[in-house]
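Below is one structure; the comments refer to it alone.
The numbers here are math on the coordinates, done by the rules we state, and not lab data. Please read these numbers as outputs of a predicted model, since none were measured by experiment. Glycine gets a Cβ as well: all are built from the backbone with ideal geometry, and neighbour counts include every protein chain shown.
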Ligand SMILES: [Zn+2]
């Protein structure tokens, strides 16, 4: 099955619903609650939320950004993650149509979004999220007969981050980023790994400027490198091969 533009609204709504689920996963990972718990609750007053409170994006605006039960503000993270997931799913689908690759990329996108938000909020990358991510990426490269390039990407990325970690004694980069390098290296096999690496720095610079402009972070704040890396990985996952090709042509190598 290939690409059909009439499926896009459906994919977008599907992304909104999955985004809502990812918000719940992010909250439960941090609160130490089970991901399979049935009811969502307000993180502030712990009141169980009903269907009317859980409609992606819409509930946030209908409720005026406040909890129906305790009237405390709801974080803008909720509608933002839902919208970003919907956009990301639509992009993945537009690039790949409906195929096994698409299912893999959508699932991987969920892992990237969880790591992105969690590192941004808590400056932490959880093994609970990384380990299944690595397994998923390894399976994908084995399936594509690309295991060795995946391993090379993982070694290059985590090796380089490991070196930065050792040299700076953990000041420039956290050990979570070193482990994240294994996941992202397998996800973006060599040679596209180099694209991911440069993108992370460009994304980092752009995001830092935006965060400073909106006052979300101050100049003295540490910036979560894992957040930039996962966003760069998403871009490289969709367009990495084209970018490598473009770069090689630029150098006159192909
Ligand atoms: Zn509440």
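A simple spin-label model places pseudo-atoms 7 Å from Cα toward Cβ; at residue 247 and residue 69 they are separated by 5.0 nm. Axis angle, to the nearest 10 degrees, between helix 8-31 and the longest C-alpha principal axis of the chain: 80 degrees.
Stretching residue 99 away from residue 58 to a fully extended chain increases their span by 11.7 nm, per 0.36 nm per residue minus the current alpha-carbon distance.
Distance from the Cα centroid of the stretch 1-17 to that of the stretch 187-249 is 26 Å (rounded to whole angstrom).
Determine the shape class of the stretch 154-251: with a ≥ b ≥ c the square roots of the Cα gyration tensor eigenvalues, call it rounded for a/c under 1.5, and otherwise prolate if a/b is greater than b/c, oblate otherwise. Cα axes put the stretch 154-251 in the oblate bin. For the chain, find the longest principal axis of its Cα atoms and tell me its angle to the long axis of helix 192-213, 0 to 90°, nearest 10. Tilt relative to the chain: about 40 degrees. The stretch between residue 163 and residue 209 holds 13.9 nm of extra length on full extension. This uses 0.36 nm per residue minus the Cα-Cα distance.
When you restrict to C-alpha pairs under 8 Å that are six or more residues apart and normalise by the size of the chain, the relative contact order lands at 17 percent. In this rough spin-label picture, where each label sits 7 Å from Cα along the Cβ direction, the residue 77-residue 171 distance is 2.9 nm. How would you classify the stretch 42-171 from its alpha-carbon gyration tensor, with a ≥ b ≥ c the square roots of the eigenvalues: rounded for a/c under 1.5, else prolate if a/b is greater than b/c, otherwise oblate? Oblate, since a/c reaches 1.5 and b/c is not below a/b. Computed from label points 7 Å out along Cα-Cβ, the spacing between residue 202 and residue 30 is 3.0 nm. Quick check: from the Cα gyration tensor, does the stretch 1-102 come out rounded (a/c under 1.5), prolate or oblate? Cα axes put the stretch 1-102 in the prolate bin. Taking Cα atoms only, the orientation of helix 147-167 departs from the longest principal axis of the chain by about 80 degrees.
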